[in-house]
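Have a look at the structure below, then the notes.
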Amino acid sequence: MVESSASTHELQDPPDEPKTILVAVDGSAAAERVIAMAARITRSMPRAMVHVVHVFRTSRLDRARLGTPTGNADLIEDAKEQLQYHVRATRKQCRAEVTGHFALGEPAAEILHLCESLDADLLVVGTHDYVGFERFLLGSVAENLMRKAGCPVLVVRGKTHRSA
């Protein structure tokens, strides 16, 4: 007798199911895509904890690139407001408990530090797909995280191919 896939037995959680999920966002439009993907993943994990982190980059190179003065408190407040927006959006899209974290510094280093301190089981990040000189100057935070994180990393990017 063949058992159908629609049987009524209770599903068991896999032993390595993520319980702590760290979602790294920034001020770009891609952050909403990262939040949406993380929320979709956590819908099947009601006991998961979702931590949303925004790291405000403090290197002189980035401030010069943005044309802003050093220590601009308004930009930091804007970044904190963006984090709160993303935390609220995450709460609306999933049932998991959601906590926000804000940090100042180099994004990859701060995200890796938080990933370790939370003992994250999964890290969800976006990518800007920088190329050429911009990638040389800024590096790739997502690539750095993939190489150095002590847990699986899901990199979310926009769809670039057209549907048939």
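Of note:
- Residue within region 52-60 that is modelled with pLDDT of 95 or more and aromatic (Phe, Trp, Tyr) present: no
- Filtered by the rule that a residue be touching a strand residue (DSSP E or B) at 6+ places or on another chain (Cβ under 6 Å), charged (D, E, K, R) and farther than 20 Å from Asn144 by Cα, region 86-115 gives Arg91, Glu97.
- Residue that is nearest to Val141 (Cα to Cα), among those in region 98-122 that are of a type outside the set (A, V, I, L, M) and part of a helix (DSSP H, G or I): Pro107
- Cβ-Cβ under 9 Å pairs, at least 6 apart or on other chains, region 81-93 side closer than 17 Å to Met49 by Cβ and in contact (Cβ under 8 Å) with a residue 12 or more places away in the chain, far side part of a helix (DSSP H, G or I) and among the hydroxyl-bearing types (Ser, Thr, Tyr): Thr90/Thr42; Gln93/Thr42
- Filter result for the condition that a residue is modelled with pLDDT under 85 and surrounded by 12 or more Cβ atoms within 10 Å (Cβ to Cβ), over Glu32, Glu17, Glu10, Glu3: Glu17
- Residue match in region 142-151 (condition: assigned to a helix (DSSP H, G or I), surrounded by fewer than 13 Cβ atoms within 10 Å (Cβ to Cβ) and at pLDDT below 95): yes
The values are calculated or read from the model by the stated rules, or taken from the named source; none is laboratory data. From a predicted model like this one, the values you see are computed outputs, not experimental measurements. For neighbour counting, all protein chains shown are included, and Cβ atoms are generated from backbone atoms with ideal geometry for every residue, glycine included.
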